[in-house]
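**Student:** Quick one: structure below, then a few questions.
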Ligand code: FES
């Protein structure tokens with residue numbers, strides 16, 4: 001019989017080769033999670049009783065001392081027998097969408113910017129998710145999975161939109177999504193994953209928001225912005241998109257339309273490697289610091305390469321944003337092939 005995981009009074013069977021995180025999310029039990037690759041430490045939990053195998057948990061994320069203290073990474077660890085765990089300082093009753101296998105057909109492959117494609121996937125069955133979450137797709141002919149943020153709002157749950165940046169030599173991005181992929185291809189994966197998402201409607205206070213996306217880090221921010229504005233049409237929302245040059249920009253028309261519809265929305269593209277009289281130049285975090293004097297009561301959203309996200313956290317704190325209102329999604333090394 002498969003070993004079981006107990007957490008907060010729930011008991012969930014953990015199938016062979018399933019991580020604790022996957023077993024709990026598939027059972028609809030919320031657990032903090034972000035990278036699902038052992039690199040961020042978000043899913044760290046306390047083992048209260050039982051026995052686990054840490055598998056590929058890296059030392060940098062889970063030290064020997066932490067292992068001795070009974071800590072584990074839920075996205076890597078497997079229970080060897082019935083095991084009880086506890087979340088650390090997190091709300092065990094938080095609502096979540098159940099993690100599912102998914103399957104669908106590539107509906108459209110579109111070039112939208114330099115080395116950047118929009119891929120639409122027509123799902124066989126609708127997927128429930130919060131705007132900002134991501135899915136994992138299996139690279140055809142392999143057992144490798146890659147992560148892709150959803151650019152959709154929650155109601156758009158039958159055709160998923162992904163923004164993919166080509167990384168030369170990348171198994172997923174270069175060889176597959178910039179190589180062999182074509183409309184009509186079948187795809188498989190699972191989702192939704194990640195805690196980088198809008199809160200449920202009843203918990204959304206309508207606070208002002210600032211969002212900074214680097215490259216295709218824009219994708220989840222599109223769904224988050226559209227959701228936030230639809231819920232509170234008069235809220236202040238500022239979205240910065242950091243890219244190298246003008247040919248990396250995309251979906252300007254979408255943001256122009258949002259600016260025309262919502263008086264409190266502003267879209268600010270920022271070019272780091274080119275100067276242009278029509279655009280801001282430099283890094284998006286610097287543009288934010290120039291524009292906004294105080295972020296007390298605001299929420300902040302960062303998605304992109306780790307240096308940009310780290311600079312963003314510092315910039316938000318300099319502007320007095322409450323740490324608990326800072327949300328971040330880093331492109332971690334293993335998924336960089338797909339998402340960076
Ligand atoms: S280390 Fe487990 S979700 Fe990042």
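**Student:** Which one is surrounded by the most Cβ atoms within 10 Å (Cβ to Cβ), of the residues in the stretch 1-37 that are more than 17 Å from residue 81 (Cα to Cα) and over 25 Å from the mean Cα position of the chain (by Cα)? Lay out the reasoning, then the answer.
**Tutor:** If we filter the stretch 1-37 for residues that are more than 17 Å from residue 81 (Cα to Cα), which is where we start, we get 8-9, 25-37.
Then keep just the ones that are over 25 Å from the mean Cα position of the chain (by Cα); that gives 8-9.
Values: 8: 13, 9: 6.
In this case the residue turns out to be 8.
**Student:** Can you give me the number of residues within the stretch 231-259 that are free of Cβ contacts under 8 Å to residues at least 24 places away in the same chain and surrounded by 17 or more Cβ atoms within 10 Å (Cβ to Cβ)?
**Tutor:** 1
**Student:** In addition: Collect the residues in the stretch 154-167 that are assigned to a loop (DSSP other than H, G, I, E, B) and at pLDDT 95 or above, keeping them in residue-number order.
**Tutor:** 154, 155, 156, 157, 158, listed by residue number.
**Student:** Out of all the residues in the stretch 95-106, is one or more farther than 29 Å from residue 42 by Cα and part of a loop (DSSP other than H, G, I, E, B)? Explain how you work it out, then say what you get.
**Tutor:** Going residue by residue through the stretch 95-106, those that are farther than 29 Å from residue 42 by Cα are 104-106.
Subset that is part of a loop (DSSP other than H, G, I, E, B): none.
The answer is no, given that none of the residues of the stretch 95-106 is farther than 29 Å from residue 42 by Cα and part of a loop (DSSP other than H, G, I, E, B).
**Student:** Restrict the check to the stretch 162-170 and report whether at least one residue is within 14 Å of residue 104 (Cα to Cα) and in contact with a strand residue (DSSP E or B) (Cβ under 7 Å, 6 or more places away or on another chain). Before you say what the answer is, go through the steps one by one.
**Tutor:** If we filter the stretch 162-170 for residues that are within 14 Å of residue 104 (Cα to Cα), which is where we start, we get 162.
With in contact with a strand residue (DSSP E or B) (Cβ under 7 Å, 6 or more places away or on another chain) added as a condition, the list becomes 162.
Checked the stretch 162-170: at least one residue is within 14 Å of residue 104 (Cα to Cα) and in contact with a strand residue (DSSP E or B) (Cβ under 7 Å, 6 or more places away or on another chain).
**Student:** Further question: Scan the stretch 176-212 for residues that are surrounded by 14 or more Cβ atoms within 10 Å (Cβ to Cβ), part of a loop (DSSP other than H, G, I, E, B) and within 19 Å of the chain's Cα centre (by Cα) and report the count.
**Tutor:** 7
**Student:** Quick check on the stretch 48-56. Is at least one of its residues more than 12 Å from the ligand (Cβ to nearest atom), modelled with pLDDT under 95 and in contact with a helix residue (DSSP H, G or I) (Cβ under 9 Å, 6 or more places away or on another chain)?
**Tutor:** No; the residues of the stretch 48-56 include none that is more than 12 Å from the ligand (Cβ to nearest atom), modelled with pLDDT under 95 and in contact with a helix residue (DSSP H, G or I) (Cβ under 9 Å, 6 or more places away or on another chain).
**Student:** Are any of the residues in the stretch 6-18 in contact (Cβ under 8 Å) with a residue 24 or more places away in the chain and within 11 Å of the ligand (Cβ to nearest atom)?
**Tutor:** Within the stretch 6-18, not a single residue is in contact (Cβ under 8 Å) with a residue 24 or more places away in the chain and within 11 Å of the ligand (Cβ to nearest atom).
**Student:** Checking the condition out of contact with any strand residue (DSSP E or B) (no Cβ under 9 Å at 6 or more places or on another chain) and either modelled with pLDDT of 95 or more or not assigned by TED's automatic domain parsing to the domain that holds residue 328 (or both), which residue from 126, 151 passes?
**Tutor:** 126
**Student:** A follow-up question, please. Between a residue in the stretch 37-48 that is at positive phi and any residue that is near the ligand (Cβ under 6 Å from one of its atoms), which pairs come within a Cβ distance under 7 Å, given they are 6 or more apart or on different chains?
**Tutor:** If the second residue must be near the ligand (Cβ under 6 Å from one of its atoms), the pairs left are 38/61; 38/73; 38/75; 41/61.
**Student:** If you check residue 61 against the conditions, is it within 7 Å of the ligand (Cβ to nearest atom), out of contact with any helix residue (DSSP H, G or I) (no Cβ under 8 Å at 6 or more places or on another chain) and farther than 19 Å from residue 129 by Cα? Break it down stepwise before answering.
**Tutor:** Numbers: within 7 Å of the ligand (Cβ to nearest atom): yes; out of contact with any helix residue (DSSP H, G or I) (no Cβ under 8 Å at 6 or more places or on another chain): yes; farther than 19 Å from residue 129 by Cα: yes.
Judged against the criteria, residue 61 is a match.
**Student:** Let me ask something else about it. Quick check: anything in the stretch 11-29 more than 29 Å from residue 144 (Cβ to Cβ) and not in a loop (DSSP other than H, G, I, E, B)?
**Tutor:** Within the stretch 11-29 (the criterion being more than 29 Å from residue 144 (Cβ to Cβ) and not in a loop (DSSP other than H, G, I, E, B)), the answer is yes, since at least one residue qualifies.
**Student:** Also, I was wondering about something else. It is to be established whether one or more residues within the stretch 66-73 are within 15 Å of the ligand (Cβ to nearest atom), in contact with a strand residue (DSSP E or B) (Cβ under 7 Å, 6 or more places away or on another chain) and part of a loop (DSSP other than H, G, I, E, B).
**Tutor:** No, that holds for no residue.
**Student:** Find the residue count for the stretch 38-47, including only residues that are away from the ligand (no atom under 13 Å from the Cβ) and surrounded by 19 or more Cβ atoms within 10 Å (Cβ to Cβ).
**Tutor:** 1
The values are calculated or read from the model by the stated rules, or taken from the named source; none is laboratory data. Being a predicted model, the structure only gives us computed values, none of them experimental. Cβ sites come from the backbone with ideal geometry, for glycine too, and all protein chains shown count toward neighbours.
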